[in-house]
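Written out below as structure tokens is the structure these notes cover.
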Amino acid sequence: MSNEYLSIEERLGLNSYIIDKEPHIKVNYEICKNCVEKPCTYVCPARLYTVDEYGNVHFNYEGCLECGTCRIACPHGAVDWNYPKGGKGIHYQFS
Ligand code: SF4
């Protein structure tokens, strides 16, 4: 199978995940309320952070690529980040 002409969304769809009941990323939404920049909403390559019409941040750890970008990008320390345990998390099929 050639991945040469696949879109980003199609490539992400090739990944598989073993979802852990315990999120490996926990977001402190109280801190997010006072964050003006909200960089998590545009740095996450999997687009897992969103903002609703009231300015509240929402996050879903399922589909996380485990790149760690959100942990580094958050200027207020609102992202508690740990690798998934016990073989959970993302499994890349084509490296
Ligand atoms: Fe998105 Fe990477 Fe953070 Fe996962 S670790 S939520 S893919 S920025």
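The values are calculated or read from the model by the stated rules, or taken from the named source; none is laboratory data. On a predicted model such as this, the values are computed, not experimentally measured, just so you know. Ideal geometry is used to build each Cβ from the backbone, glycine not excepted, and the neighbour counts take in all protein chains shown.
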List the pairs whose first member sits in region 76-90 and is in a loop (DSSP other than H, G, I, E, B), whose second member is crowded, with 17+ Cβ neighbours inside 10 Å and of a type in the set (A, V, I, L, M), and whose Cβ atoms are under 6 Å apart, counting only residues at least 6 apart or on separate chains? Ala78/Val27
Looking at region 49-67, is at least one residue in contact (Cβ under 8 Å) with a residue 24 or more places away in the chain, charged (D, E, K, R) and touching a Gly at 6+ places or on another chain (Cβ under 8 Å)? yes
For Tyr54, only one of the following conditions fails: (1) modelled with pLDDT of 90 or more; (2) exposed (fewer than 13 other Cβ atoms within 10 Å of the Cβ); (3) within 15 Å of the ligand (Cβ to nearest atom). What is its number? (3)
Looking at region 74-95, which of its residues are over 12 Å from the mean Cα position of the chain (by Cα) and crowded, with 17+ Cβ neighbours inside 10 Å? Cys74, Ala78, Pro84
